[in-house]
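As structure tokens, the structure follows; a few thoughts come after it.
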């Protein structure tokens, strides 16, 4: 399964404190119908940090079972404890995912040598495809291109989700790892066009939770050499992209999914629902983009 194209970091629907698996299955099916190339459960947007290990397993199981080989499944499996990350990657393999998304260890602030050893230990223990997830704004640590290149040489990572919004970073990765040395995936919806122009293969998207076809069309245009069409689509998505981060992710995108009537807006503490002011801005942006909102409940 190639790790490329328009992928969604799917939300984890919740109802009365528990994972809403029927809603999750419906979301996955809608994503596939809209052309999404990959489903990423249990990422940041999927509230992995506040799911138990058992809940994460069940979410991945539901997604894999619903996808049935029709798209790539990259299961979130990271932890700031290497042993726990190994267990998460083992679970992803056992449950039938195509790869595991492993975030850099947060809070610990390991050195580059520590990061190298973390991913290398996972590879040696599980021998399963790993996509490294580099998001310094959340983890307080940055996986540098030189370290990625070391990991590519050993086979410890097959891809990287870069959420640094730096095109210079992407060029450095291509310089050190080669244009097809690994799957290059941006984690920033607002950089899709420039990232793909710099050798990227796809996006792991937040906004695709509410506008999957629009994101797919942007990626197809950018990868197909239609620069003008891709720019038009990137600009059209700009406001909606901003609204997905008007408050801490995934609060806004869960509110947006609820406005579409596809799942409830429930979050798990310490995340709180978006404010009324933010919700109004999200609704307005969705209406301007042309999304069909569900009727308001009485």
Among 71-83, 124-136, how do they line up by average Cβ neighbours within 10 Å per residue, starting with the highest?
71-83, 124-136
Counting other beta carbons within 10 Å of each Cβ, put 160, 282 in order, fewest first.
282, 160
Taking the simple approach of a point 7 Å from Cα along Cα-to-Cβ for both residue 269 and residue 26, what is their distance in nm?
2.8 nm
In Å and whole numbers, how far do the C-alpha atoms of region 68-197 stretch along each principal axis, longest first?
38, 36, 27
Going by average Cβ neighbours within 10 Å, how do the peptides 198-208, 177-187 rank, with the highest at the top?
198-208, 177-187
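If you count, for each residue, the other Cβ atoms within 10 Å and average over each peptide, how do 230-240, 107-117, 212-222, 34-44 line up from highest to lowest?
On the way: 230-240: 17.5, 107-117: 14.5, 212-222: 22.6, 34-44: 25.7.
In decreasing order of mean packing, 230-240, 107-117, 212-222, 34-44 become 34-44, 212-222, 230-240, 107-117.
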Rounded, prolate or oblate: which one fits region 8-92, using the alpha carbon gyration tensor with axes a ≥ b ≥ c (rounded when a/c is under 1.5, else prolate when a/b beats b/c, else oblate)?
oblate
Selected from 143, 271, 193 as most flexible by GNM, with the chain as the system and alpha-carbon contacts under 10 Å:
271
Between region 241-264 and region 137-163, the alpha-carbon center distance in angstrom:
29 Å
Sequence gap at least 6, Cα distance under 8 Å: using those rules, report the relative contact order of region 12-69 to the nearest whole percent.
44 percent
In the chain, what percentage of the DSSP-assigned beta bridges are antiparallel, given to the nearest 5?
5 percent
Helix-only mean residue ellipticity at 222 nm for the chain, each DSSP H run of n ≥ 4 adding -39500 (n - 2.57), per residue, nearest 500
-14000 deg cm²/dmol
Comparing 251, 88, 17 in a Gaussian network model of the chain (Cα, 10 Å), the one with the largest mean-square fluctuation is 17
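What's the exposure ranking of 286, 243, 7, going from fewest to most Cβ atoms within 10 Å?
Numbers: 286 21, 243 25, 7 28.
In increasing order of surrounding Cβ atoms, one gets 286, 243, 7.
Is region 5-222 rounded, prolate or oblate when judged by the Cα gyration tensor, a ≥ b ≥ c being the square roots of its eigenvalues, rounded requiring a/c under 1.5 and prolate requiring a/b larger than b/c? List each step's numbers first, then the result.
On the way: a/c = 1.72, a/b = 1.16, b/c = 1.48.
Cα axes put region 5-222 in the oblate bin.
Throughout, read-outs are computed from the coordinates displayed, never taken from laboratory work. Everything quoted here is computed from the prediction, not taken from an experiment. All Cβ positions, even for glycine, are placed from backbone atoms using ideal geometry, and neighbour counts span all protein chains on display.
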